[in-house]
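Asks: A single structure is presented below for examination.
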Amino acid sequence: MKLNNTIAAFLAKSLTKSLIEQKLVEIEERELFKIVLDIINSNIEEERKIEEEVHRILKEHIDLVEREGISYQKLFQKIKEKIAKERGFPI
């Protein structure tokens, strides 16, 4: 799922609020927000890197994709899932 900075900040704020309200952590709210936002942004960056690799792989084999009439989108998703699984990255 593609996230922008606004959505990432909203998610981080919501998670932070929930963790604080449920007393699941003992940490300053601002500090927790920063940690959660950093984790979300790190995941966004890792997904971006995976997608760049998939585009590179497909670009190298575009002739085969076109010749065989394979759906670029379906192939993209399958390759992305495979790379993510190999890296232990949940999609």
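Asks: Which whole-number percentage describes the relative contact order of the chain, with Cα contacts under 8 Å and a sequence gap of 6 or more?
Replies: Relative contact order, the chain: 25 percent.
Asks: Now a separate question. Among rounded, prolate and oblate, which fits region 48-91 when a ≥ b ≥ c are the square roots of the eigenvalues of its C-alpha gyration tensor, a/c under 1.5 means rounded, and a/b larger than b/c means prolate?
Replies: The shape class here is prolate.
Asks: Treating the beta-carbon of each Lys and Arg as +1 and of each Asp and Glu as -1, no other charges, what is the dipole magnitude of region 5-87 about its Cα centre, to the nearest 20 debye?
Replies: 200
Asks: Whole number please: convex hull volume per residue, Cα atoms of the chain, in Å³.
Replies: In the chain, the Cα hull volume divided by residue count equals 102 Å³.
Asks: Taking the Cα centre of the chain as the origin and placing charges on Cβ (Lys, Arg +1; Asp, Glu -1), which of 20, 37, 84 is farthest toward the positive end of the dipole?
Replies: Of 20, 37, 84, it is 84.
Asks: Right, next: In degrees between 0 and 90, to the nearest 10, how far off the longest principal axis of the chain does helix 29-60 point, with axes built from Cα atoms?
Replies: It is inclined by approximately 0 degrees.
Asks: I've got another one for you. Would you calculate a helix-derived [θ] at 222 nm for the chain, using -39,500 (n - 2.57) for each DSSP H run of n ≥ 4 and dividing by the full residue count, to the nearest 500?
Replies: -27000 deg cm²/dmol
Asks: In whole Hz, what ³J(HN,Hα) sequence does region 67-77 give by Karplus (6.51, -1.76, 1.60; θ = phi - 60°), x for Gly and Pro?
Replies: Per residue, the Karplus-derived 3J(HN,Hα) values read 5, 8, x, 7, 5, 4, 5, 5, 5, 4, 5 Hz.
Every number here is computed from the coordinates shown, using simple stated rules; none is lab data. Because the structure is a prediction, the values reported are computed rather than measured. Cβ atoms come from the backbone with ideal geometry, glycine included; neighbour counts cover every protein chain shown.
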